[in-house]
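The values are calculated or read from the model by the stated rules, or taken from the named source; none is laboratory data. Here the structure is a predicted model, which means the values were calculated and not measured. Note that we place each Cβ from the backbone using ideal geometry, even for glycine, and neighbour counts take in every protein chain shown.
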């Protein structure tokens, strides 16, 4: 079995010695080719190459951003290529292997993998020996002539602004730790203009909802983690269903405090409140804003935009787990 391992050498929670151990473990099980990612978008290009060359699987040692790039490389057509997502998700596409190496590793943990890269490698090698695979659906975002798949979440507004701020700190050499995200979110919340909601939700068969401050679109749950604590604003979301949505019409303390308590302590119950807009298991909807708003996808800041359409892509990929 031929596999390509994509290694992000700047992954937050791994070092050279750990990477060498994992590479040797994989190399003993498969015919392995190892590639290091060197720039933004490189993992997508490498995964597309693996697909074109007929590799059986693509393994990723990195964080959610590197995993997202690899997924898009496996699924997005290039150079006029036509890829159809039919009932057999493995047809013409390598399977995906995920080894968590980032700060949050939401996708890997949502798949049920250990958050430790060594333990996760052991679990994946066991799945490889038993040919144990999970079929997952993905989300797709389309905006301004662009398209990108996401594995666990995307959003517009406040959360994307926080991610933008953290990425700025990372650019200055600081690590993206859970504490840094929490502190940045708090500072940004205190500075946010809470009087001007600008987004509108529309979709086939969906009642129009206006005046939304923050939009969260989920492909699975949890939405993210604060250290070891899962955060579940859309607890019914899953890889086997369509997309879920949570929109906030108010960002004041009286609206945010009970919501935060709920999503940090409840695992199954939907949050409630008259200032919330919620959807479950939807195939498509659109968020439009009166002005450009921050946009993130799988924890990766993508800039500002005004209109994004979100679509569910069932049975998109096979993952060894």
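Condition first: touching a helix residue (DSSP H, G or I) at 6+ places or on another chain (Cβ under 6 Å), part of a strand (DSSP E or B) and either modelled with pLDDT under 95 or surrounded by fewer than 20 Cβ atoms within 10 Å (Cβ to Cβ) (or both). Now tell me which residues in the range 295-321 satisfy that.
Here is the first cut: in the range 295-321, the residues touching a helix residue (DSSP H, G or I) at 6+ places or on another chain (Cβ under 6 Å) are 295-296, 298-301, 320-321.
Within this subset, residues satisfying the condition of being part of a strand (DSSP E or B) are 295-296, 300-301, 320.
Selection gives 300, 301.
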Residue in the range 163-182 that is in contact with a strand residue (DSSP E or B) (Cβ under 8 Å, 6 or more places away or on another chain), in a loop (DSSP other than H, G, I, E, B) and farther than 17 Å from residue 65 by Cβ present: no
Total residues in the range 2-57, condition assigned to a loop (DSSP other than H, G, I, E, B) and either closer than 26 Å to residue 167 by Cβ or outside the structural domain of residue 108 (by TED's automatic domain parsing) (or both): 13
Failed criterion for residue 61 (all others in (1) under 19 Å from the mean Cα position of the chain (by Cα); (2) farther than 19 Å from residue 127 by Cβ hold): (2)
Residues within the range 183-208 that are surrounded by 12 or more Cβ atoms within 10 Å (Cβ to Cβ), at pLDDT 70 or above and part of a loop (DSSP other than H, G, I, E, B), tallied: 2
Top-ranked residue of the range 133-158 - restricted to ones that are touching a helix residue (DSSP H, G or I) at 6+ places or on another chain (Cβ under 8 Å) and modelled with pLDDT under 95, ranked as farthest from residue 217 (Cα to Cα): 133
Any hit, the range 107-122, residues being part of a strand (DSSP E or B), buried (at least 16 other Cβ atoms within 10 Å of the Cβ) and not assigned by TED's automatic domain parsing to the domain that holds residue 237: no
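Considering only the range 75-95, state which residues are under 11 Å from residue 318 (Cα atoms) and either in contact with a helix residue (DSSP H, G or I) (Cβ under 7 Å, 6 or more places away or on another chain) or modelled with pLDDT under 55 (or both). Give the derivation first.
Taking the range 75-95 first, the residues under 11 Å from residue 318 (Cα atoms) are 88-91, 93-95.
Listed by number, the residues that qualify are 89, 90, 93, 94.
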The range 153-176 residues that are touching a residue at least 60 places away in the same chain (Cβ under 8 Å), paired with ones that are surrounded by fewer than 18 Cβ atoms within 10 Å (Cβ to Cβ) and outside any helix (DSSP H, G or I) (beta carbon under 7 Å, 6 or more apart): 158/192; 175/12; 176/12
